[in-house]
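K.L.:
Would you mind keeping the following structure in view while I ask a few things?
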Amino acid sequence: MGQDQTKQQIEKGLQLYQSNQTEKALQVWMKVLEKSSDLMGRFRVLGCLVTAHSEMGRYKEMLKFAVVQIDTARELEDADFLLESYLNLARSNEKLCEFHKTISYCKTCLGLPGTRAGAQLGGQVSLSMGNAFLGLSVFQKALESFEKALRYAHNNDDAMLECRVCCSLGSFYAQVKDYEKALFFPCKAAELVNDYGKGWSLKYRAMSQYHMAVAYRLLGHLGSAMECCEESMKIALQHGDRPLQALCLLCFADIHRSRGDLELSQLKLHCLSESIYRSKGLQRELRAHVVRFHECVEETELYCGLCGESIGEKNSRLQALPCSHIFHLRWGLLGGWTGVGKVSAGHSRAQLA
């Protein structure tokens, strides 16, 4: 496969990936990897594979391609390519919670002579190192690394890097229990997305919304937390970002636990899991969560006392009697119960999704 054909196939894969046809994009890139003898093209496609597997939560695959990319960079005998591949190796180990290895590879990046470490990639190396220190609960070094990454972002007008650093700082301050700052930095990230993110991946908006949700929950603003988490989950589902989906599920559970509505948290967990497995075509797992959803409905007795249909299967409006019995609003209107307080179908499956 020649250089031009390799380039065309890589671009084809990128177009498929950006249109959420991830598996087709991976197939295209793997064919390039198998057939192309162009080292530059192979290096680039390996970078695409590293990024794609990272966003899909396939961290062992991510690590595998990062190792192959280092070998390719050595064949190219280019210090900048070697720096980029070591950074991908550091990120892979960060995702696998191998934080000591992450720090070691980041130090290797910063020690490579004659590279872009002082400009384009230096801030990303510092960010990865900060995330690793945070994972190890070495808070002072984590903060130093994040502040260094932030300086790189400001000095190089790198709004995307600044957005990522702000999300990490949000996580940092949440862990040290400064909840006002834990909210401030993700809000700053969201502002950057609104101001500069027209051509960015939606993952930046999704991550900022997720970190805002965490901070709002810790501050007790549960309504705002739910809105942000729902927005983040919507994007994560749309783009097949499984790691973010998992984080959102945990955040939803924490929000419902804070509210004290534990039954609803189970319903939401199974309903969202159902959506995830349906998008992946995993029928066995899908069926298990459908069954569990209906079991939860039965356990919480979410049935209309008049028509006998389950409450939560469809998006509907409910009416509550003073005795706490709940039924579908259409029966309330027919029966004349117009003075009773109306509530939205909080257990509506459509809203849960």
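K.L.:
When you look at Thr22, is it of a type in the set (Ser, Thr, Tyr), on the phi < 0 side of the Ramachandran plot and modelled with pLDDT of 90 or more, yes or no? Please lay out each step first, then the result.
P.N.:
Numbers: of a type in the set (Ser, Thr, Tyr): yes; on the phi < 0 side of the Ramachandran plot: yes; modelled with pLDDT of 90 or more: no.
Here the answer is no, as Thr22 does not meet what is asked.
K.L.:
Sticking with this one: Name the residue, out of Lys188, Lys177, Lys198, Lys203, that is touching an Asp or Glu at 6+ places or on another chain (Cβ under 7 Å) and open to solvent by 40 Å² or more (accessible area, probe 1.4 Å).
P.N.:
Working: Lys188 fails: touching an Asp or Glu at 6+ places or on another chain (Cβ under 7 Å); Lys177 fails: touching an Asp or Glu at 6+ places or on another chain (Cβ under 7 Å); Lys198 fails: touching an Asp or Glu at 6+ places or on another chain (Cβ under 7 Å).
After ruling out the rest, the residue left standing is Lys203.
K.L.:
Surrounded by 23 or more Cβ atoms within 10 Å (Cβ to Cβ) and within 21 Å of the chain's Cα centre (by Cα), is that true of Cys166? Show your work before the answer.
P.N.:
On the way: surrounded by 23 or more Cβ atoms within 10 Å (Cβ to Cβ): yes; within 21 Å of the chain's Cα centre (by Cα): yes.
For Cys166, the condition - surrounded by 23 or more Cβ atoms within 10 Å (Cβ to Cβ) and within 21 Å of the chain's Cα centre (by Cα) - is met.
K.L.:
Now for a different question. Could you grab me the full set of residues in segment 34-51 that are open to solvent by less than 40 Å² (accessible area, probe 1.4 Å) and modelled with pLDDT of 90 or more? Walk me through it before giving the result.
P.N.:
Going residue by residue through segment 34-51, those that are open to solvent by less than 40 Å² (accessible area, probe 1.4 Å) are 36, 38, 41, 43, 45-50.
Matches in segment 34-51: Gly41, Phe43, Val45, Leu46, Gly47, Cys48, Leu49, Val50.
K.L.:
Moving on to the next point. Which of the residues spanning segment 75-117 are among the charged types (D, E, K, R) and assigned to a helix (DSSP H, G or I)? Steps first, answer last, please.
P.N.:
Of all residues in segment 75-117, those among the charged types (D, E, K, R) come to 75, 77-78, 80, 84, 91, 94-95, 98, 101, 107, 116.
Matches in segment 75-117: Glu75, Asp80, Glu84, Arg91, Glu94, Lys95, Lys101, Lys107, Arg116.
K.L.:
Moving on to the next point. Go through (1) touching a His at 6+ places or on another chain (Cβ under 7 Å); (2) open to solvent by less than 50 Å² (accessible area, probe 1.4 Å) and name the single condition Ser54 misses.
P.N.:
(1)
K.L.:
Further, regarding this structure: Return yes when Leu63 is modelled with pLDDT of 95 or more, buried (at least 18 other Cβ atoms within 10 Å of the Cβ), within 20 Å of the chain's Cα centre (by Cα) and under 30 Å from Met40 (Cα atoms) and no when it is not. Steps first, answer last, please.
P.N.:
Working: modelled with pLDDT of 95 or more: yes; buried (at least 18 other Cβ atoms within 10 Å of the Cβ): yes; within 20 Å of the chain's Cα centre (by Cα): yes; under 30 Å from Met40 (Cα atoms): yes.
Spelling it out, Leu63 is indeed modelled with pLDDT of 95 or more, buried (at least 18 other Cβ atoms within 10 Å of the Cβ), within 20 Å of the chain's Cα centre (by Cα) and under 30 Å from Met40 (Cα atoms).
K.L.:
Here is a check on your reading of the model: is Lys31 surrounded by fewer than 21 Cβ atoms within 10 Å (Cβ to Cβ), within 19 Å of Ser128 (Cβ to Cβ) and without any contact (Cβ under 8 Å) to a residue 40 or more places away in the chain? Outline the logic, then answer.
P.N.:
On the way: surrounded by fewer than 21 Cβ atoms within 10 Å (Cβ to Cβ): yes; within 19 Å of Ser128 (Cβ to Cβ): no; without any contact (Cβ under 8 Å) to a residue 40 or more places away in the chain: yes.
No.
K.L.:
Moving on to the next point. So, in segment 15-51, how many residues would count as being closer than 15 Å to Ser85 by Cα and not polar (S, T, N, Q)?
P.N.:
Step one: list which residues in segment 15-51 are closer than 15 Å to Ser85 by Cα, which gives 39-51.
Now narrow it down to the ones that are not polar (S, T, N, Q): 39-50.
Selection size over segment 15-51: 12.
K.L.:
Go through segment 216-246 and give me each residue that's without any contact (Cβ under 8 Å) to a residue 24 or more places away in the chain and within 20 Å of Gln175 (Cβ to Cβ).
P.N.:
His221, Cys228
K.L.:
Further, regarding this structure: Could you count how many residues in segment 92-106 are within 12 Å of Ala66 (Cβ to Cβ), without any contact (Cβ under 8 Å) to a residue 40 or more places away in the chain and under 18 Å from the mean Cα position of the chain (by Cα)?
P.N.:
Selection size over segment 92-106: 2.
K.L.:
Testing Arg91 on (1) farther than 30 Å from Ser37 by Cα; (2) modelled with pLDDT of 95 or more; (3) open to solvent by 10 Å² or more (accessible area, probe 1.4 Å), one condition comes back false. Which one is that?
P.N.:
So Arg91 meets the others, but not (1).
K.L.:
What do you reckon, is Ala73 open to solvent by less than 50 Å² (accessible area, probe 1.4 Å), modelled with pLDDT of 90 or more and closer than 19 Å to Leu121 by Cα? Steps first, please.
P.N.:
Details: open to solvent by less than 50 Å² (accessible area, probe 1.4 Å): yes; modelled with pLDDT of 90 or more: yes; closer than 19 Å to Leu121 by Cα: yes.
Taking the combined requirement at face value, the residue satisfies it.
The values are calculated or read from the model by the stated rules, or taken from the named source; none is laboratory data. Remember, predicted model here, so these are calculated numbers, not experimental data. Here the Cβ is made from the backbone with ideal geometry for all residues, glycine too, and neighbour counts use every protein chain on show. SASA here: full protein model, heavy atoms, side chains in, ligands and nucleic acids out. Shrake-Rupley method; radii C 1.70, N 1.55, O 1.52, S 1.80 Å.
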